[in-house]
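**Q** Take a look at this one; I'll ask things after.
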Amino acid sequence: PADLPAGCRALPLDAVRCDPAALAAGLGALRPGLVVNAAGALWNVTDRELTEGNVLLVERLVRAVTTLPGPVRLVHIGSAYEYGAQAGPSRLTETLHARPAGRYAQTKLAGTRIVTEAAAGGLLDAVVLRIAVAVGPFASRHSLLGGLARQLAEGPVELTLPPIAGVRDLVDVRDVADAVLAAARVRRAPALVNIGSGTGVRLTEAVDTLIRIAGPRAATARVVRGPAPTVRRDTGIGEQALDIGLARRELGWAPARTLTDALHALWDSVQDTAPASPTTLAATLAVDGETIHG
């Protein structure tokens, strides 16, 4: 891409399908001290693609990193959905036994285990950051809040929201980036660290806040809300906030931004969306344990 920051360069390759030696050689040519894996399969993908993007890619990347000369730290982005349904604790700690429900969460957990087992075996220096639902600038148009922001930017006359219910730990994506830097800088990082706001927020509250931030764009739209679902694929998933005590103690990290900060930044990032002629927009966004993530 032509808009890469100064000092950056792109290395295009398919980490799942290229020759493993090509992946190792491509990384080796960069001589990195840090490798961050923020890749994976998430939106509108098949079970096979989830396995390729969240398991096979991680397996190949770990093998490639182990061949690199000099000290290299791998920071892998995991998901809070790996915890699955947890009865009892008010906050989710890294010591809990993971019980992922959906296929997305299951493949993310498999990737996490590949990294942590390699680190435990002394094959590489690695840490997994288990991320809550990330919100903020340039959020995917397939996510609940990212898609809603883009619809609002088009100035609809009617905005149809999907059924929305439940509580999530929502963290600003810029705080996630800060957590990656913190994990890179510490002398010794824990194998697995929660990264979130540490607070649960009702999704309806987050949506209402974004609509208020949109101001005049939303003021002209008639909001039609679907009923709260009675049966959800992610029942009990993500209702508890993450315990971020380990991140504070070991990484020196804590979230510096509020949900309102994240939603303002999200709204600012969609302002270049060309306003469409006033129309009726029906949201096709699903709210469940897989499609709301990130």
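The values are calculated or read from the model by the stated rules, or taken from the named source; none is laboratory data. Fair warning: this is a prediction, and the values are worked out from it, not measured in the lab. FYI the Cβ positions are ideal-geometry reconstructions off the backbone, even for glycines, and counts take in every protein chain you see. The area values use the complete protein model at the heavy-atom level, side chains included, leaving out ligands, DNA and RNA. Shrake-Rupley method; radii C 1.70, N 1.55, O 1.52, S 1.80 Å.
**Q** Could you check how many residues of the range 113-138 are surrounded by 19 or more Cβ atoms within 10 Å (Cβ to Cβ) and within 14 Å of the chain's Cα centre (by Cα)?
**A** 9
**Q** Still on this model: Condition check: open to solvent by 10 Å² or more (accessible area, probe 1.4 Å), modelled with pLDDT under 95, among the charged types (D, E, K, R) and not in a strand (DSSP E or B). Does R141 satisfy that? Working first, answer last.
**A** Details: open to solvent by 10 Å² or more (accessible area, probe 1.4 Å): yes; modelled with pLDDT under 95: yes; among the charged types (D, E, K, R): yes; not in a strand (DSSP E or B): yes.
For R141, the condition - open to solvent by 10 Å² or more (accessible area, probe 1.4 Å), modelled with pLDDT under 95, among the charged types (D, E, K, R) and not in a strand (DSSP E or B) - is met.
**Q** Filter the range 213-234 down to residues that are modelled with pLDDT of 80 or more and closer than 29 Å to A179 by Cα and give me whichever is surrounded by the fewest Cβ atoms within 10 Å (Cβ to Cβ).
**A** By that ranking, first place goes to I213.
**Q** Another question, if that's okay. Let me confirm something: among G147, G155, which residue is among the small types (G, A, S), farther than 17 Å from I244 by Cα, part of a loop (DSSP other than H, G, I, E, B) and touching a residue at least 12 places away in the same chain (Cβ under 8 Å)?
**A** G155
**Q** Search the range 28-49 for residues being over 20 Å from L129 (Cβ atoms) and among the aliphatic types (A, V, I, L, M), and hand back the single one that is surrounded by the fewest Cβ atoms within 10 Å (Cβ to Cβ).
**A** Among residues in the range 28-49 that are over 20 Å from L129 (Cβ atoms) and among the aliphatic types (A, V, I, L, M), the one surrounded by the fewest Cβ atoms within 10 Å (Cβ to Cβ) is A29.
**Q** May I pose another question? Listed residues L42, L57; which is modelled with pLDDT of 90 or more and out of contact with any Gly (no Cβ under 6 Å at 6 or more places or on another chain)? Steps first, please.
**A** Working: L42 fails: modelled with pLDDT of 90 or more.
None of the other options fit; the residue is L57.
**Q** A further question follows. Go through the range 26-45 and report how many residues are in contact with a helix residue (DSSP H, G or I) (Cβ under 9 Å, 6 or more places away or on another chain) and either closer than 30 Å to L144 by Cα or free of Cβ contacts under 8 Å to residues at least 40 places away in the same chain (or both).
**A** Number satisfying all stated conditions: 10.
**Q** Yes or no: the range 50-69 includes at least one residue that is in contact (Cβ under 8 Å) with a residue 60 or more places away in the chain, within 19 Å of A183 (Cβ to Cβ) and open to solvent by 20 Å² or more (accessible area, probe 1.4 Å).
**A** Checking the range 50-69: not a single residue is in contact (Cβ under 8 Å) with a residue 60 or more places away in the chain, within 19 Å of A183 (Cβ to Cβ) and open to solvent by 20 Å² or more (accessible area, probe 1.4 Å).
**Q** Within the range 182-209, work out how many residues are surrounded by fewer than 15 Cβ atoms within 10 Å (Cβ to Cβ) and assigned to a helix (DSSP H, G or I).
**A** 3
**Q** Residues in the range 73-95: is at least one at pLDDT 95 or above, over 19 Å from V36 (Cβ atoms), surrounded by fewer than 22 Cβ atoms within 10 Å (Cβ to Cβ) and among the polar types (S, T, N, Q)?
**A** yes
**Q** Here is a follow-up. Tell me which residues, restricted to the range 12-52, are assigned to a loop (DSSP other than H, G, I, E, B) and either within 13 Å of L68 (Cβ to Cβ) or in contact with a Pro (Cβ under 7 Å, 6 or more places away or on another chain) (or both).
**A** Looking only at the range 12-52, we keep the residues that are assigned to a loop (DSSP other than H, G, I, E, B), and these are 12-19, 31-33, 38-46.
Listed by number, the residues that qualify are R31, P32, G33.
**Q** Quickly run through the range 72-86 and pick out the residues that are under 11 Å from the mean Cα position of the chain (by Cα) and assigned to a strand (DSSP E or B).
**A** Once the filter is applied, which keeps residues that are under 11 Å from the mean Cα position of the chain (by Cα) and assigned to a strand (DSSP E or B), the range 72-86 yields I77, G78, S79.
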